[in-house]
Amino acid sequence: MINAACGFRMLALSLLVFYTQSVVLSQSLSGTIIGTVTTERGTPLVAANVVIQGTTIGTATSDTGWFRLTNVPPGKHTVVISSVGYRTITKEIEVKAGEVHTFEIVLSEETIKFSPVVITATRTEKNLADVPIRTSVIPQREIRFCGGSDLRAIFAEQPGLALIQDHGTGVQVQGLDPAYTLILIDGEPLIGRRAGTLELSRVSVGNVEHIEIVKGPISSLYGSEALAGVINIITAVPRKPWSGSLEGRAARYDTYDLSGTIEHAGNWFSGSIFVNRKSSAGYDLTPATISPTVAPYTDYTMSPKMNFNIGGQTVASVSARWYHSEQKSQVSVFQNNQQVLLNNRATLTDWNVAPSISHRFLSGIKTTLKLFATSYKTQNELDYHAGGVYSRSLFDQAYYKAETQTDIPIANWWLVSLGAGAIAEHLEADRIQGGKRAADSKIAYAQVEWIPTPAFNFIVSARYDAHRDYAARLSPKATALMKPLTWLHVRASVGSGFKAPTFQQLYLDFTNPGVGYSVFGSVGVKELIARLQEQGQIRAILIDPQSLETIRPENSISYNAGLEITLPFDGFASFNIFRNNVRDLIEANPVALKTNGQSVYTYFNLNKIFTQGIEAELTVRGIKGFSFTLGYQYLEAKDEEALECIRAGEIFKVGSAGRIRPVQEAEYGGLFHRSAHSGVVRLAYEHPATGTAISLRGVLRGRYGFADRNLNGVLDDDTEYAPGYALWNASVIQEITNFISLQIGVDNLLNKKDPQRLSSVPGRIFYAIARINVSSSSE
């Protein structure tokens, strides 16, 4: 930890010296452009984008419509001025060193198609239509239509995403488990997973501006956990001098959600603070059991965000997030052959802070320094009703990162991005060797973007991760975007992803007190087995401990190719095929037998799997206020070693005649919890004159493997499938005034229930939402 802290300080000091020298040089060799942007009515236009084409030099107008571009290299430039709902214009200007150039711009209103600016796919700002890596965006309007209060409801209605119940609710991307998808908030990772699942209910969507989804491996920029893709939740940026909002949501099971936001956008400072409180009485789909399906809970979120404009081309920012959750319930255990009721209290606290500073230097070079610290802590306590503690458990994880990135534009057709950083992690937990563990790693990445013509865009990127306790990993990726026609975009990519071993897989030290088996992490397993031998607890060694090696990261090679077609009426159609080959999956296997008859387990790199399929989406908008979306995914996900055993006749089942026979390849259904066919349907109608919006959304899922009932280790029988289902959701939004709106909705319209397999769906849910938005007018 001390070495990591020293490294952070040296990195920050080096960048500060570089920054100071570069600012002095750039001020003497460059020019400045200042001006104002107004509407046709002469009022200032706030947050309009002003960018010099072919460079990274750009800014947004202030609350008075004023802007300034500094460090502009001498020569002729094209300045692009744009704002949502207004016609984009360009202005040619010749800049001279040491001079200030001024002009005034008037933008006229226009109903236009809007291609949002995204950052996740390339770690640089780009229009969505120009991103070579396949990226989809969930806009704020769609989030509002959904009516949900957290990520679960949002992701359930997205094509190609599936919600999975495994130690919480996680998201499955292209058939890969939740452990393989990296989830970010404003570009920084959320930590704290249970068995690989990051619980989606931890993230409130009240302050979310949009969500960017990149499917396919992108470890070439983000490292571990980005093997299946990256989901980046982008929070709102202040755009008006002053604004505030208040939202209240009430739903079944005494579920109440209250959010508030205050924002300010000024010339040199902008900031916001978002607060949220959510509580529920929980629900119980299995009344015969003691424990409820979902325990009563209360959650709190607070998220401040500040940006400082220093000297025109220097921007400093700091954002933070604090989340706290508390649950209370009753559970039962057997003690001395008697059932004993216990009070269960669980708390979770998750916080992070992310300061950063960026500066655009001479010739448009941009350097950014980011620091990030986050903590995830859970505490569980079981108490007897009459008093006294039955058990307590602690899990306290901390993650620190220092990172720098420099974007270097070369002419108008090259953009080079270079990054480096250091990561330090710390864990204090029960069931971990020694109770405490620390780890550190170094990272470096590079990305080269080549745009020879507006119709072609190629990107090559690679990242090197060097970790202290497992082998270093190099993750490359290549992508291409081609626009042979104005209405046709073709994308293709090939890349590598990886998933690092978890703290538990590396350092676990757990012995079940009731059954008596033990599970050890791959680091230190030799010493732990030797300890058991000294205590006389080992009866037989199954694998020589000296032959055991530290587990390697899981890795993949993946391919994606697809096309997008622009349709009339503001519509589009997309088609994508994918293949993921995942190797070195980490699993626990026995290495020794104990004298009590139980086993000692440790982790190995064993299985190899593949997922492949087709994704298609059709969206049509703007026909008399109606819009329609249809999304479909076909998926195959199989264990290659299981396939080899089936082909060799080594896996058996009891046939219909009651005889044991080999499983046939046609009977093998692949990995559990994957549907071959799934899709979404969305139909919406908006009437701007009355402020009414109506939506009907369907989540469709084909049958999927749920349980290995014949215990032969594979999905091969009709009795092992859960039936397919359809969940239909509807909502109506009514604008009462310019700043007040009401929404009523119902989730699970047809009251679908399946307590055993769909514990997250408690039946039909009615809800009502009231929203108030106030702001200082810029018009």
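Going 7 Å from the Cα of Ala471 in the Cα-to-Cβ direction, what parts of the range 577-605 have a backbone nitrogen less than 19 Å from that spot? 581-588, 603-605, by backbone N distance to the label point.
With Cα atoms defining each centre, the range 268-339 and the range 498-523 are spaced 28 Å apart in the structure.
Between the range 577-622 and the range 674-717, the C-alpha centres lie 23 angstrom from each other. Near Asp186, once Lys and Arg are set to +1 and Asp and Glu to -1 for all other residues with Cβ below 13 Å from its Cβ, the sum equals +1. Between helix 2-29 and the chain there is an angle of about 20 degrees, using the helix long axis and the longest principal axis of the Cα atoms. Dipole size of the range 370-432 about its Cα centre, with +1 on Lys/Arg Cβ and -1 on Asp/Glu Cβ: approximately 120 debye, rounded to the nearest 20. Checking the cross-link filter: which lysines have an alpha carbon closer than 22 Å to that of Lys594, excluding same-chain neighbours under 8 positions apart? Correct list for Lys594: Lys526.
Taken about its Cα centre, the chain carries a charge dipole of roughly 260 debye when the Cβ of each Lys and Arg holds +1 and the Cβ of each Asp and Glu holds -1. Think of the chain as having a plus end and a minus end, set by charges on the Cβ of Lys, Arg, Asp and Glu; of Ala666, Thr70, Pro139, Thr70 sits farthest toward the positive end of this dipole.
Taking Cα atoms only, the orientation of helix 525-534 departs from the longest principal axis of the chain by about 30 degrees. Taking other residues whose beta carbon is less than 14 angstrom from the beta carbon of Asn380, and scoring Lys, Arg as +1 and Asp, Glu as -1, yields +1.
Go through Phe628, Val591, Thr550 and say which Cα lies farthest out towards the positive end of the charge dipole of the range 535-659; charges sit on Cβ, +1 for Lys and Arg, -1 for Asp and Glu. It is Val591.
For the chain, what is the calculated [θ] at 222 nm in deg cm²/dmol (nearest 500), taking -39500 (n - 2.57) for each run of four or more DSSP H residues and dividing by its residue count? Mind showing how you got there, number by number?
Values: 7 runs with 68 residues, N = 779.
Helices in the chain give a 222 nm mean residue ellipticity of -2500 deg cm²/dmol.
Select from Asn276, Ile234, Ile357 the residue farthest towards the positive end of the dipole of the chain; place +1 on Cβ of Lys and Arg, -1 on Cβ of Asp and Glu, and compute about the Cα centre. Ranked along the dipole, the leading option is Ile357. Within straight-line reach of Lys366, meaning a Cα separation under 16 Å, sit the following lysines at least 8 residues removed in sequence or on another chain: Lys126. Put a plus charge on the Cβ of each Lys and Arg, a minus charge on the Cβ of each Asp and Glu, and nothing anywhere else: the dipole of the range 531-638 about its Cα centre is then about 220 debye. Partners of Lys278 within straight-line reach, counting lysines whose Cα lies under 26 Å from its Cα and excluding those fewer than 8 residues away in the same chain: Lys305, Lys328, Lys377, Lys752, Lys753.
Each reported figure results from applying straightforward, stated rules to the coordinates on display, with no laboratory input. As the structure is a computational prediction, the values presented were derived from the model and not from experiment. All Cβ positions, glycine included, derive from the backbone under ideal geometry; neighbour counts span all protein chains shown.
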